[in-house]
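Read through the structure below, which is laid out as C-alpha cells, and then see the notes.
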Amino acid sequence: MQQQPNYDPNSGNQDPQVGPSNQTYINTTPTDNMQPVSNIPQNTMDKSDNIEKIIQLVWFVVGFVNVILALRVVFLLFNAQQSGFTGALYTITAPFVMPFNGIFPAPVQGNTYFDTAALVAIIIYSLAAWGAVTLIKIISDNKKTA
C-alpha cells in the first residue's frame, strides 16, 4: 500500500510529502493572461511614481545648493584664499546669495568673515523647497480623489 501525499493546496504548504513512485508537480509557468496582484490601475502608479521623482528632484537640487552655500560659509569663515576651487565656489554661489545681501550685517573679525547672506539663503531655500513639495503633494492628492 502506498502512502498518499500530505499536501493541501489551500494550506499554503509548498513542500508536499510524496513517495518515490508518486510524484507531484506544481506548474509555475506564467501564462499570458496573468493579472497584476495590485488593484491599482497602472497609470495611477506611474503618476504617483512621477510625482515622487519630482519631489526627490526638488529636494536634491535644494540640498545641493544648500551644501555649496554651507561650504561658502565655512570657507569664508576660515579665510580660505580665493583661488582654484574656492574661487569657483564663490563665483557659482554668488547668484544664490545676492538676493539676501544686506539683510543682516556680516560680522568681520580680523581676516574671518561670517556670510550671513548665505546662511539666510540656506534657510529661505529650504523653506521654499518644503513649500513646493507640500504644494505638489496637495495638488497630486486632489487629482487622485477627483
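Values in this text are rule-based calculations from the coordinates and carry no lab data. Model, not experiment: these values are computed from the prediction. Methodologically, a virtual Cβ is constructed for each residue, glycine included, from the backbone with ideal geometry; neighbour enumeration extends over all protein chains shown.
Listed by Cβ neighbour count within 10 Å, with the fewest neighbours leading, S83, S48 appear as S83, S48. Return the whole-Å distance between the Cα centroid of region 57-73 and the Cα centroid of region 86-142. Distance between centres, Cα-based: 9 Å.
For region 53-145, the relative contact order is 35 percent, taking Cα pairs closer than 8 Å that sit 6 or more residues apart in sequence and dividing their mean separation by the residue count. Cβ-to-Cβ counts within 10 Å put L69, L119 in ascending order as L119, L69, the fewest first.
Distance between the modelled labels on A106 and D49, one decimal in nanometres: 4.6 nm (7 Å Cα→Cβ projection).
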